[in-house]
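Encoded as structure tokens, the structure appears first; notes follow it.
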Amino acid sequence: MIEFKNVSKTYPNGVKGLRTINLKIENGEFVVVVGLSGAGKSTLLRSINRLAEISEGEILIDGKSITHAKGAALREIRRDIGMIFQSFNLVKRSTVLRNVLSGRVGYHSTLRTVFGLFPKEDEHLAFDALERVNILDKAYSRADQLSGGQQQRVSIARALAQEAKIILADEPVASLDPLTTKQVMDDLRRINKELGITTIVNLHHVDLAKEYATRIIGMQAGEVVFDGPVGEATDET
Ligand code: ADP
Ligand code: ADP
């Protein structure tokens, strides 16, 4: 479970990114966070793996405080969290396989990761992940030779190879066309169902949110203004 307890975030310039957020997200949920640009969706998501540091309150993951975790304990918690970005964040000139394997950095010595000497077991996980998102045939292509949708599937595969228990997807389809958007959202939902990975997706399109989410969290000016099952979400959220 991911638990927000009275979480607030004030940026150094005084902008309030989050205002007293209280939330519980159960393991295996598929949650979509909606809201206009600047509502705080990205801050909310990035506070979960501490890409954004919160100013007040506490965030617990399966009862462990990530807010107060340091060093090895923090790395341990982060290992369970895969992050997917709007801009894919792949190493463009590297192969798809190497990109997917990079999700396993932290499991092995630097020597291994620098020279690409990954154990067979890791390669197996990577191929498995690529198969799950239907791009196994691209394993040896350079990442930047793939379409946007394919690149986003590589980043999903990277999270899978990492054996993430939580996937945080920050506007994963914002730069994709409608057909590709559907494919990537279908992949995320299928993976959630098949593997039970807790999935939190930020979207600015309410229609898309309604199509995919079982639970929608609506944000506005750093506050949660709606939290409930899809049927109850109105277009104002
Ligand atoms: P969203 O993801 O919903 O577009 P964000 O979480 O990115 O919203 O932003 C929430 C608010 O915090 C906005 O007012 C934004 O301008 C501000 N903000 C985000 N990142 C920073 C930052 N690094 N420094 C200062 N303000 C920020
Ligand atoms: P998003 O697509 O997540 O809403 P933005 O375009 O709002 O992203 O922000 C892009 C980057 O700029 C992020 O790293 C964010 O933290 C930072 N940022 C956003 N708003 C501000 C702000 N008002 N002051 C400083 N940095 C900001």
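Identify, from the list Phe4, Phe85, the residue that is within 16 Å of ligand 1 (Cβ to nearest atom), within 12 Å of the chain's Cα centre (by Cα) and aromatic (Phe, Trp, Tyr). Steps first, answer last, please.
Details: Phe4 fails: within 12 Å of the chain's Cα centre (by Cα).
Exactly one residue qualifies, and that residue is Phe85.
Of all the numbered requirements in (1) under 17 Å from the mean Cα position of the chain (by Cα); (2) over 21 Å from Ile21 (Cβ atoms); (3) surrounded by fewer than 19 Cβ atoms within 10 Å (Cβ to Cβ), Asn134 misses one, and that requirement is (1). With Leu208, Leu168 as the choices, which residue is within 16 Å of ligand 1 (Cβ to nearest atom), of a type in the set (A, V, I, L, M, F, W, C) and closer than 21 Å to Asp80 by Cα? So the residue among Leu208, Leu168 that is within 16 Å of ligand 1 (Cβ to nearest atom), of a type in the set (A, V, I, L, M, F, W, C) and closer than 21 Å to Asp80 by Cα is Leu168.
Mind telling me which of the residues Ile84, Ile48 ends up being modelled with pLDDT of 95 or more and touching a Ser or Thr at 6+ places or on another chain (Cβ under 9 Å)? Before you say what the answer is, go through the steps one by one.
Details: Ile48 fails: touching a Ser or Thr at 6+ places or on another chain (Cβ under 9 Å).
Only one candidate passes the filter, namely Ile84.
Within this structure, Leu60 fails the test of being more than 22 Å from Leu188 (Cα to Cα) and out of contact with any strand residue (DSSP E or B) (no Cβ under 9 Å at 6 or more places or on another chain). Got at least one residue in region 217-226 being modelled with pLDDT of 95 or more and assigned to a loop (DSSP other than H, G, I, E, B)? Yes, region 217-226 contains a residue that is modelled with pLDDT of 95 or more and assigned to a loop (DSSP other than H, G, I, E, B).
Yes/no per residue for (1) among the hydrophobic types (A, V, I, L, M, F, W, C); (2) within 16 Å of ligand 2 (Cβ to nearest atom); (3) in contact with an Asp or Glu (Cβ under 8 Å, 6 or more places away or on another chain):
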| residue | (1), (2), (3) |
| --- | --- |
| Pro12 | no, yes, no |
| Leu23 | yes, no, yes |
| Val32 | yes, yes, no |
| Ala39 | yes, yes, no |
| Thr67 | no, no, yes |
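Checked against (1) more than 15 Å from ligand 1 (Cβ to nearest atom); (2) crowded, with 21+ Cβ neighbours inside 10 Å, Ser47 meets all criteria but (1). The single condition among (1) farther than 26 Å from Ser8 by Cα; (2) touching an Asp or Glu at 6+ places or on another chain (Cβ under 9 Å); (3) within 16 Å of ligand 2 (Cβ to nearest atom) that Gln151 does not meet is (3). Tallying residues that are within 16 Å of Ile167 (Cα to Cα) and crowded, with 16+ Cβ neighbours inside 10 Å within region 1-44 yields 12. Might you check whether a residue that is in contact with a strand residue (DSSP E or B) (Cβ under 8 Å, 6 or more places away or on another chain), assigned to a helix (DSSP H, G or I), crowded, with 16+ Cβ neighbours inside 10 Å and modelled with pLDDT under 90 occurs anywhere in region 103-112? Yes: region 103-112 contains one or more residues that are in contact with a strand residue (DSSP E or B) (Cβ under 8 Å, 6 or more places away or on another chain), assigned to a helix (DSSP H, G or I), crowded, with 16+ Cβ neighbours inside 10 Å and modelled with pLDDT under 90.
Of all residues in region 171-186, none satisfies being touching a residue at least 12 places away in the same chain (Cβ under 8 Å), within 15 Å of Ile25 (Cβ to Cβ) and surrounded by 22 or more Cβ atoms within 10 Å (Cβ to Cβ).
Entry remark, region 50-82: residues being of a type in the set (A, V, I, L, M, F, W, C), within 16 Å of ligand 1 (Cβ to nearest atom) and out of contact with any helix residue (DSSP H, G or I) (no Cβ under 7 Å at 6 or more places or on another chain) number 1 in total.
A quick yes/no check of all residues on (1) closer than 15 Å to Val133 by Cα; (2) within 16 Å of ligand 2 (Cβ to nearest atom); (3) modelled with pLDDT under 95; (4) over 15 Å from the mean Cα position of the chain (by Cα):
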position	(1), (2), (3), (4)
Ala169	no, yes, no, no
Ser175	no, yes, yes, yes
Asp187	yes, no, no, no
Ile191	yes, no, no, no
Thr198	no, no, no, no
Thr234	no, no, yes, yes
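The values are calculated or read from the model by the stated rules, or taken from the named source; none is laboratory data. Keep in mind it's a predicted model, so treat the numbers as computed, not measured. Neighbour counts are summed over all protein chains in view; Cβ atoms, including those assigned to glycine, are modelled from backbone coordinates with ideal geometry.
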